[in-house]
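Colleague: Mind having a look at this structure? Questions to follow.
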Amino acid sequence: MLTYAAQRLGGSLLVLLIMSFVIYGLIGLMPGDPIDLMIQADPDLTPQDQKRLKELYGLDKPLLERYGNWLWGALQGDFGYSRLFAAPVLEVLWPRLINTLLLLVPAFLLSVALALPLGIVAATRPQSGVDNAINLFAFAGISVPPFWLAILLIMLFAVSLGWLPAGGMGGGPDAGPWETARYLILPVIALALSRVGGITRYVRSSMMESLRQDYVRTARAKGLSRRRVLVNHALRNALIPVVTILALDMGMLVSGALITETVFGWLGMGKTIYDAVLGNDYNLALMGLLFATALTLLANLIADLAYAWLDPRVSYR
Amino acid sequence: MTQARETTLAAGSGQALEPSGAPLTVFWRRFRRHRLAFASLILLGVLAAASASAPLIEAATELSATRVDLLDRNQGPSLAHLLGTDELGRDLMLRLLYGGQVSLGVGFAAALIAAVIGTVIGLVAGYFGGRFDALLMRFTDGVIALPLLPLLIVLAAIDLSKLGLAAQSGDVASIYRIIGLIALVGWTQTARLVRAATLSMKTRPFVTAAHALGAGNLRIMAVHLLPNVASPIIVATTLSIGNIILLESVLSFLGLGIQPPMASWGNMLTNAQELIYSAPMLAVWPGLLIFVTVMAFNFVGDGFQDALDPRSGERGA
């Protein structure tokens with residue numbers, strides 16, 4: 001198991017390294033470069049100055065060499081400065097990573113808490129009215145544009161009813177946790193609702209698959225109660241593939257967070273990446289994307305290990 | 001003689017839709033039994049026809065989707081403007097129809113390209129198997145697990161002239177660009193389904209027979225396997241259109257997809273958020289159309305799946 005964990009960790013780090021190069025290359029393809037921005041800010045710069053600056057910052061070197069220099073600096077903890085915030089990139093990103101986790105974790109838990117019972121109920125009464133209703137709900141969930149859902153929630157709960165704030169982070173330095181939580185409610189619901197349909201469908205099909213298995217028939221034949229068969233035999237096995245889909249869903253969840261944060265003005269990673277790309281903040285965009293990638297890779301790693309731990313049939317070599 | 005027999009074999013395996021030999025009629029009868037899917041197909045037909053007729057409506061009436069009339073802003077529904085006007089006084093219904101042309105067109109085009117990419121990858125991986133398969137599928141899983149939206153935002157921002165491509169601008173360029181971007185990430189599901197189908201098909205006797213008759217790899221893949229994996233391709237492509245329309249709407253909403261003044265359902269919602277108080281209906285209509293269209297494509301895909309593979313009825317939703 002430990003060897004397996006170490007191997008998977010190594011694999012994830014390798015993917016992260018590859019992605020860092022891909023993202024570095026892509027960021028370099030964005031319009032302009034830092035010197036162009038300096039030129040815009042200072043018309044007195046002569047072409048000689050430009051050339052000198054490009055040499056000074058190493059922008060005249062080939063891509064691989066520039067990437068190598070960046071990586072060397074990054075490994076020593078130097079991730080560069082953010083242009084928009086005039087601060088070291090990590091100083092900008094840490095609080096925003098926390099903000100994103102404040103949004104992601106409750107949304108994730110809420111979507112799973114909704115999807116599990118819905119999927120199980122639908123699977124145990126296939127083709128019934130309840131099943132059809134849950135199916136319709138799940139279809140609606142995967143079909144609704146997430147930003148529109150967010151706008152509708154704002155219209156209902158912030159504009160019409162006036163119960164909750166329409167967006168922003170809320171509160172000054174002396175705002176209590178309840179004040180922050182009030183600003184979180186709508187974004188969390190919006191993000192969770194946009195994910196719950198897909199998970200419900202997956203729980204339902206996994207549960208149905210598991211209910212068809214021989215061991216479920218054996219358990220019933222032994223005379224176990226319906227409840228025991230469902231929970232101890234069917235559900236436990238049905239959850240194993242669900243863990244995988246939840247991990248794969250992390251990428252979608254991070255994508256969803258970007259939309260939710262942008263609509264609600266929640267200062268998380270997603271909004272930071274979006275603002276950094278639009279504002280030509282190369283260092284910030286690069287590190288933001290790497291953080292987002294690392295977050296999803298970490299979720300996948302945890303799911304892989306959980307899978308191997310939950311399902312003894314998986315051989316970890 | 002050999003030639004003739006091979007053609008017969010090929011023709012025999014070409015009955016892709018119904019293994020039992022009955023062709024399209026059985027498929028159609030099965031599909032029509034799925035009432036929701038059938039109704040969705042009709043609805044999509046009506047939407048497509050209405051969108052296509054937008055220029056005719058514009059020519060036949062006084063309405064215009066482009067003429068700005070600041071004295072006529074944010075009007076409610078009236079006889080002159082059936083759905084009212086937008087924040088610049090343009091007729092909302094016409095803009096929605098033109099937006100429909102873009103959203104449906106981009107959806108179809110990107111889904112087709114993604115289907116081709118996914119089919120080639122899935123077919124090649126499934127047919128050759130072994131390390132090649134493992135490598136391609138790891139790559140596919142990697143693409144699925146990544147936080148795609150943040151990466152797409154960078155991809156949407158890159159400057160094509162830095163790649164040595166001619167930098168185009170204007171309406172048509174933004175459409176091509178978004179079709180390419182979305183196709184680049186939209187092929188994964190098709191690849192996985194086609195691979196799975198190819199894996200089971202390549203062990204069938206008719207493939208062995210084709211081998212024995214001296215058919216090359218390319219010929220076996222194109223002539224013998226491709227028609228037999230048509231079902232998963234059709235289902236995956238139909239289901240992916242919905243996702244692709246969603247993705248287009250998200251990117252356009254964020255200002256990185258279809259650029260105004262060209263209308264798309266996504267970019268019509270960009271300003272709507274600021275107008276929630278003054279003109280809430282502007283935020284409702286485009287989102288509703290995206291929602292209904294995506295849901296209809298999902299129902300149709302579901303219906304196709306049931307009609308093409310009756311056994312999947314219990315598993316899918």
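Colleague: Rank B:GLY257, B:VAL284, B:LEU269 by how far each Cα sits towards the positive end of the charge dipole of region B:216-317 (+1 on Lys, Arg Cβ; -1 on Asp, Glu Cβ) and give me just the farthest.
Modeller: Value computed over the given set: B:GLY257.
Colleague: Quick one: order A:TRP266, B:TRP285, A:TRP163, B:TRP265 by neighbouring beta-carbon count within 10 Å, fewest to most. Could the numbers behind the result be given before it?
Modeller: Details: A:TRP266 26, B:TRP285 21, A:TRP163 11, B:TRP265 29.
Lowest to highest Cβ neighbour count: A:TRP163, B:TRP285, A:TRP266, B:TRP265.
Colleague: Using the Cα centre of the protein assembly as shown as origin and beta-carbon charges of +1 (Lys, Arg) and -1 (Asp, Glu), tell me which of A:ASN69, B:ASN217, B:ILE245 is placed farthest towards the positive end of the dipole.
Modeller: It is B:ASN217.
Colleague: Using a Gaussian network model of chain A with C-alpha springs under 10 Å, which one of A:GLY176, A:GLY197, A:GLY168 is most mobile by mean-square fluctuation?
Modeller: A:GLY176
Colleague: What FRET efficiency would be calculated for the residue pair A:ARG125, B:ALA39, taking the C-beta separation as r and a Förster radius of 35 Å, to the nearest 0.05?
Modeller: Numbers: r = 24 Å, r/R0 = 0.70.
It comes to 0.90.
Colleague: Here is a follow-up. Rounding to the nearest 20 debye, state how big the charge dipole of region A:90-310 is about its Cα centre with +1 on each Lys and Arg Cβ and -1 on each Asp and Glu Cβ.
Modeller: Numbers: 15 positive and 11 negative charges, 282 e Å.
In debye, rounded to 20, region A:90-310 gives about 1360.
Colleague: What relative contact order, as a whole-number percentage, does chain A give when Cα pairs under 8 Å and 6 or more residues apart are counted?
Modeller: Working: 333 pairs, mean separation 81.7, N = 317.
Once divided by the residue count of chain A, the mean separation gives 26 percent.
Colleague: A follow-up question, please. Give, to the nearest whole percent, the P(r) tail of region A:90-310 beyond 22 angstrom, counting all Cα pairs. Can you show the working numbers first?
Modeller: Values: 13995 of 24310 pairs.
Above the 22 Å cut-off, region A:90-310 has 58 percent of its Cα pairs.
Colleague: In debye, nearest 20, what is the charge dipole magnitude of region A:2-83 about its Cα centre with +1 on Lys and Arg Cβ and -1 on Asp and Glu Cβ, if you could check?
Modeller: 380
Colleague: A further question follows. For B:VAL106, what is the net charge nearby, where nearby means another residue's Cβ is under 12 Å from its Cβ and Lys, Arg count +1, Asp, Glu -1?
Modeller: Numbers: positive: B:ARG177; negative: B:GLU248.
Residues close to B:VAL106 contribute a combined charge of 0.
Colleague: A further question follows. Per residue, what volume in Å³ does the convex hull of the Cα atoms of the protein assembly as shown enclose? Don't skip to the answer; put the middle values down first.
Modeller: Numbers: hull volume 142.7 nm³, N = 634.
So the per-residue Cα hull volume is 225 Å³.
Colleague: Could I ask something else about it? Explain nothing, just the number: dipole magnitude of the protein assembly as shown about its Cα centre with +1 on each Lys and Arg Cβ and -1 on each Asp and Glu Cβ, in debye rounded to the nearest 20. Can you show the working numbers first?
Modeller: Numbers: 45 positive and 40 negative charges, 662 e Å.
About 3180 debye.
Colleague: To continue, here is another question. Applying the Karplus parametrisation 6.51 cos²θ - 1.76 cosθ + 1.60 with θ = phi - 60° to the phi angles of region A:85-96, what ³J(HN,Hα) value in whole Hz is obtained for each residue in order, glycine and proline being reported as x?
Modeller: 9, 6, 8, x, 4, 5, 4, 6, 7, 3, x, 6
Colleague: Tell me the angle of helix A:129-143 to the major Cα principal axis of chain A, expressed in degrees between 0 and 90 and rounded to the nearest ten.
Modeller: Rounded to the nearest ten degrees, it is 10.
Colleague: What residues qualify as long-range amide H neighbours of A:SER82, i.e. H under 5 Å apart, gap of 5 or more or another chain, H built at 1.01 Å from N?
Modeller: A:ALA87, A:VAL89
Read-outs: derived from the displayed coordinates by stated rules, not from any lab. Source: prediction; values computed, not measured. We place every Cβ from the backbone using ideal geometry, glycine too, and count neighbours over all the protein chains shown.
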